[in-house]
Structures are given as C-alpha cells and as structure tokens.
C-alpha cells in the first residue's frame, strides 16, 4: 500500500459519505409528512446522545456531536422549504431525473429501486409525483411501465420528450488504454453497441445507468468504465472520456409525470388505454372514430395483457373538454372494452 492507494480509499469513502448524507436528507423530507413540526427536541437529543456514545475510536465525541448538530439543522431547513417530492426509478443521475430537472427544477427527487415502487409510493401519498419512461426511439416501449399504466388509478399530468446522450465515464486519472469492461443498463449498452465493439470494450449489464456510475465511483475498480449521463458524471466525480457514444443521434426517450390528481392546467394532448381482443375490425372501428372527428393520433402501441387480449395505448391531440374529443370518447367508450383516459397534459419537447 502506498499514498496513492490510501488516497483512492479516501476518495471511495468520501463518495459513500456524500451519498449517505443525501439519502438522509431525502428521508428527512419524507418524515416531514408525518410530523406536526420540523423541530423534535427529544428526537434530536436522543440522536446526539447516541452519537456521543458511539464516538469511541478516533473521533472526538465533541466533534461528532457538532457535526450532527449541523446535519440536523440542514434537515430542518430542507423540511421547512416545502419542496414537492418526485420519485423516479434508478439512482441519482438517471435519465428520468435529468428529465425531471428540466420540467420541475425545484423539486426534491427521490430514487426508487423498481418502477412499481414509484407507482405505489405516489398512490400511497408518500411522493407528490412520479416520473417514468414510456418509450424510446431505439428500444421501443418500456414494457414494465406500460403494463402498470393499464391498471393504475394515477393520472398523467405532464410529459417530456428529450434526447438521450450517453457518455463514457471513468475514474479521474484512469489510464484509458487499460479499459476493458463497461457497466451500464442493458438498453444503454445496446444503444452503444457499435461504439463498444469498435473500441474493444466488453459490455457488462447493470440494473441502472446511474447505478453503474455510482458503483464505479464507490468501488473504484481498475479497467472499468460506465455508460451514463453527463449529470451522473458531475454527481459522482467521474471523468467524461467521450460524449455521445450512442450509435445514432436520434435516440430519444419520452417520460410521463404521474399523480393522484389530474393536472390543474388545460392540456393539449391526451393518453388513453383500452382492450382489444381477437374480434376482427375492433381496433379499426376505434381508430376510425378519431379519424371521423379529425383528431390526430400521435401514438398507437399494444402491450400483451391477458391471454388473447392486448392493451392498446393511444395518444391524441386535443383538449379533454373540447367538443370533438368528448364526442370521440363517448363513441369509443361504447366500442372498446375498458376504455380509460390516463390524462390530459402539456408535453415538452427538448431538442438539446
């Protein structure tokens, strides 16, 4: 072991400390929903007493107590800010969080392990909103999300369509010639297949793009890189070797923001879902209604539901309360099984 090895270990520990501090603040925001006041003197004193008792190695108990007093003061400040909470799947730095920061830059973003955790947390009122990817120009629909949308009671209140620009990330100062393996989500690796092949890099799937970047920053292995967002690089202190490593520039993902309540603002695009069986012409009959009312459909997707049946997702232009849309909904509700409006909303399109 030499000085460089020790400093590498210190960097790894620092990354974990910052990650845990951020997680603690997220829990503080969520705890505020169950408290009558941000100040709980008895709870804070109990924490300080435990910190004082636990500081029996190198740390001076007075130092530990002072540090935790500052941590709890920051927790109270964040709780009193009244931030809206938005859940997303993955680790901080995920593309869902990147999209959310464009739509709601002042919201508190809360990571979840699974898409189902996002939906369940919003339904239970733990989070104010959730943001989920729905479809990608290269990978198609995001199956797990669309399957949940079939049955959820949540409403789509906003949408954003944005480019996905993958970056190749390494540890600062890493020798590029020693890179052999790249960690990332399977979809991201597939979207960069040609780049990885040309550079003789072996793809290794990870559950999340940002999770791969976080793991790289914390474990600091040699010969490993990650494919993730530029935001993830900034967040975890990684070096960007190359930007735009995706195989095509036309790589875009569309995200939905979901809530228990409908949007207060009048939307200009609607999403709906219904069931189509094996009856010949049933889908055509539904689509013809929208054509007759001169309503433009912008999305038609099918997702397997029950044996022999498919859930059909459609997006169409128009305000929900407009005469043409109301007339179309009335006709389609009589034709299609389980027809349901998922939401009417404004959609933002990001070009850069």
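The values are calculated or read from the model by the stated rules, or taken from the named source; none is laboratory data. Keep in mind that this is a model prediction, so the values were computed, not measured. Neighbour counts run over all protein chains shown; Cβ positions are idealised from the backbone, glycine included.
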Q: For the stretch 48-60, indicate whether the set of residues that are closer than 29 Å to residue 210 by Cα, surrounded by 14 or more Cβ atoms within 10 Å (Cβ to Cβ) and in contact (Cβ under 8 Å) with a residue 12 or more places away in the chain is non-empty.
A: no
Q.
Which condition from (1) surrounded by 15 or more Cβ atoms within 10 Å (Cβ to Cβ); (2) at pLDDT 85 or above is the one that residue 330 breaks?
A. (1)
(Q) Looking only at the stretch 255-271, filter to residues that are in a strand (DSSP E or B) and crowded, with 21+ Cβ neighbours inside 10 Å; which one of those is farthest from the chain's Cα centre (by Cα)? (A) 270
Q: Being closer than 25 Å to residue 348 by Cβ and out of contact with any helix residue (DSSP H, G or I) (no Cβ under 6 Å at 6 or more places or on another chain) is the filter here, so list the residues in the stretch 317-333 that pass it.
A: 317, 319, 320, 321, 322, 324, 325, 329
Q. Here are some residues: 12, 43, 33. Which one is in a helix (DSSP H, G or I) and free of Cβ contacts under 8 Å to residues at least 60 places away in the same chain?
A. 43
Q: Looking only at the stretch 220-236, decide whether some residue is in contact with a helix residue (DSSP H, G or I) (Cβ under 7 Å, 6 or more places away or on another chain) and either surrounded by fewer than 15 Cβ atoms within 10 Å (Cβ to Cβ) or free of Cβ contacts under 8 Å to residues at least 40 places away in the same chain (or both).
A: yes
Q | Candidate set: the stretch 170-206, residues that are touching a helix residue (DSSP H, G or I) at 6+ places or on another chain (Cβ under 9 Å) and in a helix (DSSP H, G or I); chosen: the one modelled with the lowest pLDDT | A | 187
(Q) Exactly one condition in (1) surrounded by fewer than 14 Cβ atoms within 10 Å (Cβ to Cβ); (2) without any contact (Cβ under 8 Å) to a residue 40 or more places away in the chain; (3) closer than 30 Å to residue 125 by Cα is false for residue 312; which is it? (A) (1)
Q: Considering each residue of the stretch 272-295, count those that are in contact with a helix residue (DSSP H, G or I) (Cβ under 9 Å, 6 or more places away or on another chain) and either modelled with pLDDT of 90 or more or in a helix (DSSP H, G or I) (or both), and give that number.
A: 12
Q. When the residues of the stretch 79-94 are filtered to those that are buried (at least 17 other Cβ atoms within 10 Å of the Cβ) and more than 26 Å from residue 187 (Cβ to Cβ), which remaining residue is nearest to the chain's Cα centre (by Cα)?
A. 85
Q: Output the residues belonging to the stretch 120-161 that are surrounded by fewer than 17 Cβ atoms within 10 Å (Cβ to Cβ) and in a strand (DSSP E or B).
A: 140
(Q) All but one of (1) part of a helix (DSSP H, G or I); (2) under 14 Å from the mean Cα position of the chain (by Cα); (3) farther than 23 Å from residue 346 by Cβ hold for residue 97; state the number of the condition that does not hold. (A) (3)
**Q.** Unmet criterion (only one of (1) touching a residue at least 40 places away in the same chain (Cβ under 8 Å); (2) surrounded by fewer than 14 Cβ atoms within 10 Å (Cβ to Cβ)) for residue 246
**A.** (2)
**Q.** Sole exception among (1) within 15 Å of residue 349 (Cα to Cα); (2) in contact with a helix residue (DSSP H, G or I) (Cβ under 9 Å, 6 or more places away or on another chain) for residue 163, by number
**A.** (2)
Q) Considering only residues of the stretch 14-26 that are surrounded by 11 or more Cβ atoms within 10 Å (Cβ to Cβ) and out of contact with any helix residue (DSSP H, G or I) (no Cβ under 6 Å at 6 or more places or on another chain), which is nearest to residue 220 (Cα to Cα)? A) 14
